[in-house]
Amino acid sequence: MNPIPGHRGAFVKTALKPDLFLLLLIGVMAAASLAPVSGVAADYVGKLADLAIVLLFFLHGAKLSREAIRHGAGNWRLHLIVLGSTYALFPALGVALAAACSGFVDPLLLSGLVFLTLVPSTVQSSIAFTAIAGGNVAAAVCSASLSNLLGIFLTPLLVSLLMGADGTSISFSSGSLRTIVLQLLIPFVAGHLLRPLIGTFLDRNKAIMQPVDRGSVLLVVYSAFSAAVIEGIWTRVGGFDLVALLTLSALILAVVMGTNLLVGRAIGMPREDRIVLLFCGSKKSLVSGVPMAGALFAPAQVGMVVLPLMIFHQLQLFVCAWLASRYHREGQAPAAA
């Protein structure tokens, strides 16, 4: 989502509503629940999803602008704090809450709660909300891009170190590292190396990214939820679990945002950089997280592992849209925060 000058209000109103992507996700989950794919068909759907993920990360690598990174890279203090929020504060909260809720919420859902805290920040929406709020857009581009690039390495590493240490139940696939390298890292690097040849075309045709982003996630979700339905996901997940996930997601988001605001003020960051820290340091990427889950975990587990991330994704859009609108109206950080 890219903000359009003069249309900030329309953007915020759109973000405050369940978007088409969310409705498509719900529809895919419903389709997988009613008609789960299995057998040979499941193998074909899985291979198609893998190809879509390869294309997704290839295009993300090609879209990464070296000029934008150089322009915003000098603000190293801001970038380090954003990375600390994404890959230290978030995981600490996830592990602590999962341990505290052990015995009350399904262990696999708690694993998903931890996993959502380990994935990279978003790119498009972080930059868009920063622009709406009047923040440092160049720094937001650099922070969000750096978070996603490092996430290819850091997310699998954190999964191997933290998931299971919190008392949750998860099986880390022995071929995960090879899958990450083949499906995510190599396509990303190849795309970036080819940017001089195809970057101009992608910059002129940004609409190409959206169907690839959404299509790859929808394919992975359908494949994952089909396997989860066959394993009995809806006999395990009840209303209490969903309310608990929403509550825990809201708590994580509130603590992270509050901490980032306090840190930004305490060290004397200018308002534009505090906005970057608030939005880039509090977001989690569904587009990156779902393919990573598919690469890291057993197929029967992926559906339940990504469910908390899907809930958190929509919650963060609601909250960040409201905050961006408030920053824009007031021209300064809200006093109540």
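Since every read-out is calculated from the coordinates, none of them should be taken as a lab result. On a predicted model such as this, the values are computed, not experimentally measured, just so you know. So basically every Cβ, Gly included, is an ideal-geometry build from the backbone, and we count neighbours across all protein chains shown.
Below is a table of values for the structure above.
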| quantity | calculated |
| --- | --- |
| In degrees, nearest ten, helix 107-116 long axis to first principal axis of the chain (Cα) | 30 degrees |
| Distance-filtered residues of the range 131-161 - backbone nitrogen under 15 Å, label point 7 angstrom along Val189 Cα→Cβ | 149-154 |
| For Cα extents along the principal axes in Å, calculated from these coordinates, the label among [x] 54, 49, 37; [y] 60, 45, 45; [z] 63, 61, 44 | [x] |
| Among Phe115, Phe153, Phe129, residue whose mean-square fluctuation peaks in a GNM of the chain (springs only between Cα atoms under 10 Å) | Phe153 |
| Helical mean residue ellipticity (222 nm; -39500 (n - 2.57) per DSSP H run of 4+; nearest 500) of the chain | -24000 deg cm²/dmol |
| Principal-axis tilt of helix 299-330 within the chain, Cα atoms, nearest 10 degrees | 20 degrees |
| Sparsely packed GluC sites (Glu not before Pro) within the range 229-337, loop by DSSP, other Cβ within 10 Å at most 12 | none |
| Rg and Dmax of the range 256-337, Cα atoms only, in Å | 15.9, 48 |
| Spatially proximal aspartates and glutamates relative to Lys63 (Cα-Cα < 14 Å; intrachain offsets below 8 disregarded) | Asp203, Asp213 |
| Projected label distance in nm at Ala254 and Leu157, using a 7 Å step from Cα toward the beta-carbon | 3.3 nm |
| Degrees, to the nearest 10: 39-63 long Cα axis against longest axis of the chain | 20 degrees |
